[in-house]
Amino acid sequence: MKQNIIQEKSYQFAIKIVHACKELQTENKEYILSKQLLRSGTSIGANIEEAIGGQSRKDFYAKLTISYKEARESKYWIRLLIDTKQMDSVKGNELLENIEEILRIIGSIQKTINSELQNS
């Protein structure tokens, strides 16, 4: 079975987010922002999975776009948590590097699919 890079990277990111949010809640007693991050950070991979199972190229593109938006939102929450000193900057910057890579991959796939859709 061929490995799907974005599928795997978004899944691994979700695992890191689950652990980070658990730590935020147990160590820092931070519940509001961490729940926002948990929701958006795990939604990226879930929407990638839905995109892979899409009924058409347009459906695939639509779900991929939702994943991109959730990744942007996750980036926002991570930055906010770092800048408010709720999240360790070393851990936060690692998450930011991960999310930037995910955004680049999704963006590249979007460009390819959008080009295909316009040429068909």
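The values are calculated or read from the model by the stated rules, or taken from the named source; none is laboratory data. Remember, it's a predicted structure, so these values are computed and weren't measured experimentally. Because the Cβ atoms are built from the backbone with ideal geometry, glycine has one as well, and the counts that use them run over all protein chains shown.
A few comments on the model shown:
- Looking only at region 92-120, and only at residues there that are assigned to a helix (DSSP H, G or I), at pLDDT below 95 and hydroxyl-bearing (Ser, Thr, Tyr), the one that is farthest from ILE6 (Cα to Cα): SER115
- Matching residues, region 50-61, being surrounded by fewer than 16 Cβ atoms within 10 Å (Cβ to Cβ) and not polar (S, T, N, Q): ILE52, GLY53, GLY54, ARG57, LYS58, ASP59
- Test result for LEU38, free of Cβ contacts under 8 Å to residues at least 24 places away in the same chain, crowded, with 19+ Cβ neighbours inside 10 Å and assigned to a helix (DSSP H, G or I): yes
- Residue in region 72-79 that is of a type outside the set (Lys, Arg), touching a residue at least 12 places away in the same chain (Cβ under 8 Å), within 30 Å of TYR31 (Cβ to Cβ) and out of contact with any Ser or Thr (no Cβ under 6 Å at 6 or more places or on another chain) present: yes
- Failed condition for GLY54, given (1) at pLDDT 95 or above; (2) farther than 16 Å from THR84 by Cα: (1)
- Among the residues examined, ALA14 does not qualify as assigned to a helix (DSSP H, G or I) and either in contact (Cβ under 8 Å) with a residue 40 or more places away in the chain or in contact with a His (Cβ under 8 Å, 6 or more places away or on another chain) (or both).
- Scanning region 73-90 for residues being of a type in the set (Lys, Arg) and either surrounded by 18 or more Cβ atoms within 10 Å (Cβ to Cβ) or not in a helix (DSSP H, G or I) (or both) gives a total of 2.
- Residues satisfying the stated conditions in region 24-35, i.e. in contact (Cβ under 8 Å) with a residue 40 or more places away in the chain and part of a helix (DSSP H, G or I): LEU24, LEU33, SER34
- Yes/no for ILE52 being more than 21 Å from LEU24 (Cβ to Cβ) and among the β-branched types (Val, Ile, Thr): yes
Residues are listed down the side, and each one gets a yes or a no for (1) under 15 Å from the mean Cα position of the chain (by Cα); (2) of a type in the set (Lys, Arg); (3) more than 19 Å from SER108 (Cα to Cα); (4) at pLDDT below 95:
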site: VAL18; (1), (2), (3), (4): yes, no, yes, no
site: GLN25; (1), (2), (3), (4): no, no, yes, no
site: LYS58; (1), (2), (3), (4): no, yes, no, yes
site: LEU64; (1), (2), (3), (4): yes, no, no, no
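- Looking only at region 47-71, and only at residues there that are in a helix (DSSP H, G or I) and free of Cβ contacts under 8 Å to residues at least 24 places away in the same chain, the one that is farthest from PHE13 (Cα to Cα): ASP59
- Restricting region 84-107 to residues that are polar (S, T, N, Q) and within 15 Å of the chain's Cα centre (by Cα), the residue that is farthest from VAL18 (Cα to Cα) is ASN93.
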